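The values are calculated or read from the model by the stated rules, or taken from the named source; none is laboratory data. Every value quoted in this text rests on a predicted model; they were computed, and no experiment measured them. Backbone-built Cβ (ideal geometry, glycine too); neighbour counts: all protein chains shown. Protein only, heavy atoms only, side chains kept; ligands, DNA and RNA dropped before computing areas. Shrake-Rupley method; radii C 1.70, N 1.55, O 1.52, S 1.80 Å.
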Amino acid sequence: MSILSECPVCRRKQSIKNKKCKCGEDLDKSKRGGRVNYWIDYRYKDPRTGKLSRRRESVAAIENLKGNSIEDARTALSKRKVQKKEKRVLDILPESKITFNKLTEWYLDLEKVKALSSFWLVKLTLEKFNRVFGEWIVGDVKLADLQNYQARRLAAGKAPATLDHEIKKTKTMIIAAFDNDIVGAEALRVFKRVKPTLKKGSDVRTRILSADEFEAIMTHLPSHVKPIFAMGYYCGMRRAEILGLTWDKIDKKKRLIRLEAADTKDNEPRTIPICCRLYDMIKDIPRGIHHDHVFLYKGQPITDIRASLREACKAANIEYGRFKKNGFVFHDLRHTFNTNMRKAGVAESVIMAITGHSTRAMFDRYNTIDVDDALKAVDRLELFLTSGDQSGDQVKAYKKI
């Protein structure tokens, strides 16, 4: 760790031992006149990545310290040494004076963020959060403010999952800003302390759409929504993956959908086969003139189909809604696909490759054991118990049921 002096002419940062800058400026004279600003230079270990990072920090940016005082520079250096020794690295970065609205503009302009297939959802989510906190200074937000926000939204009838999604997306933005030295440690710490409102495991759904229900809903859907709904049913893709699909991702000749890492939630590329019925729907979709998206309505990419799905379910006499008893939502098609594939005898490894489930735990969550499975299981048990031979060879007999 060291102290550097900044030349008032060329702004070059150099050792405080230098009496003269390379540009010709007399640094000793400038120091006596209070024209030299001081910086501290140090390295610290990032607690998140474990990597060493170098940082140069203006003494003037540190609270209650003057940038043109060598005494204050030494105080700043000592302060950082203590923080490093006590492993309070997150206290090193300064607090941000940027508002959430300005920070959102910066974040949504990042090329990595704009390339996300769910960019529209990220933007919409941050806009909702900013309706309350948009003009707030990021560094001024306290944990109690976010907890009050959660409580008010819950009292207004908002779903816990919706609130957690808003906080999570905003926290992702804060982390990106922290990594770019835009937001300080305290703001990051506040968002990391916010506890989710949804209890772990309480959002697990087991709703499976039967073949008859699927056909009934398809009958009442608008023509531009039918292939979207069918793709969820026959491919098990997420809604954002489907709505963000572009023609370059579809291989009509081989009947495949090839998603790149940037198109998926888990940032893993995936190849999804297209069944004949879905292929017949896709090949009849006209290509847009101004957009490469597959699913358009009046020339614009479709961003939401919930209103159409709600009306179709109502017409088909099927309960719609996440919080309705036996209510159906679009994401249930992913559960339905997993379960139907398993019942069809498809190997679990193949199903996981198609749906993008990298862990067995997540696969099991989307693979629902229904009443038919349970009945077949007890039928197998009954056969086993009533047979004369209860050896392991009975497994062959079970498979006939």
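Distant-in-sequence amide contacts of Tyr320, defined by a placed amide H-H separation under 5 Å and a gap of 5 or more residues or a different chain, comprise Phe328.
Protein heavy-atom accessible surface, 1.4 Å probe, per residue over the range 96-145: 55 Å². For the range 147-153, backbone phi angles converted through the Karplus equation (6.51, -1.76, 1.60; θ = phi - 60°) give residue-by-residue couplings of 5, 5, 4, 4, 5, 5, 5 Hz, Gly and Pro being listed as x. The spacing between the range 230-259 and the range 97-149, judged by their C-alpha centroids, is 30 Å.
Go through Lys298/Lys324; Lys102/Lys158; Lys17/Lys102; Lys114/Lys325 and tell me which ones have a Cα-Cα distance over 30 Å in this structure. Pairs exceeding the cut-off: Lys298/Lys324; Lys17/Lys102; Lys114/Lys325. Residues whose amide H lies under 5 Å from that of Met237, counting only those 5 or more places away or on a different chain, are absent; hydrogens are built 1.01 Å from N in the peptide plane. Suppose a student asked you for the relative contact order of the range 241-345, using Cα pairs under 8 Å spaced at least 6 residues apart; what percent would you report? Once normalised by length, the contact order is 17 percent. By its C-alpha gyration tensor, with a ≥ b ≥ c as the square roots of the eigenvalues, how is the range 245-338 shaped: rounded for a/c under 1.5, else prolate for a/b larger than b/c, else oblate? Prolate. Between the range 324-344 and the range 1-44, the alpha-carbon centres lie 67 Å apart.
Can you tell me how the range 202-273 classifies by the Cα gyration tensor, rounded, prolate or oblate, using a/c under 1.5 as the rounded cut? Oblate.
With θ taken as phi - 60° and the Karplus curve 6.51 cos²θ - 1.76 cosθ + 1.60 applied, the whole-hertz 3J(HN,Hα) list for the range 306-318 is 4, 5, 5, 5, 4, 5, 5, 5, 5, 5, 8, 6, 10 Hz, x standing for glycine and proline.
The modelled label-to-label distance between Asn326 and Glu105, using points 7 Å beyond Cα along the C-beta direction, is 5.2 nm. With every protein chain in place and a 1.4 angstrom probe, the accessible-area ranking of Trp39, Trp247, largest first, reads Trp39, Trp247.
Amide hydrogen proximity for Tyr297: with H placed 1.01 Å from N in the peptide plane, the residues at 5 or more positions away or on another chain lying under 5 Å are Ile302.
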